[in-house]
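Inspection log for the structure reproduced underneath, given as structure tokens.
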């Protein structure tokens, strides 16, 4: 008995992953559900071949999902958008004005023009950063409301960036020396928590004397009887 191994298709284009994170938005989820139900209600394929029927069904579902979810592509997570035409136009104008000023540094009009375009660029960059932070804030709040801790912390990492692998320096106890050595930093942390967690307790004797006293139950000292056990 000879079984021919299944050969992998050569040169066949695989379907790219969809941006399923959009399904968290109620409007996208609802539109996709309605569109998919409508297309499946009118889906018909005149064939008795299960493989061909499944391929047609798969294509209908996938193409419908692509129309609503788009394909999952890598995007720049930084707030500065290199593809923004407005900022690129301003940057090109700023570079051109700067080159013109370098050729004639004594010209007051060119210097004023350069300062003007420089202010426009800075204002546009601040606007881009504020818009990006506002969108991220809405996104993080959405993850917090849905208890999606993974996406929540990933969004925070996008804003604050990865943690530095190095150890942050510390000040000594008297605040006069900056500690950079790893062993000295660990020793300082141990000293800090020892002082915080092992502080001597102070008891107000007068307050304890005012507390009502309960008579000592001497019978508790005696061993239990067999009937009590």
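Can you name the residue in region 24-46 that is loosely packed, with under 10 Cβ neighbours inside 10 Å and assigned to a loop (DSSP other than H, G, I, E, B) and is also modelled with the lowest pLDDT among such residues?
46
I'd like the residue in region 121-140 that is within 12 Å of the chain's Cα centre (by Cα) and surrounded by 15 or more Cβ atoms within 10 Å (Cβ to Cβ) and, out of all such residues, is nearest to residue 152 (Cα to Cα).
140
The values are calculated or read from the model by the stated rules, or taken from the named source; none is laboratory data. Fair warning: this is a prediction, and the values are worked out from it, not measured in the lab. When we count neighbours, we look across all protein chains shown, and the Cβ atoms used for this are built from the backbone with ideal geometry, even at glycine.
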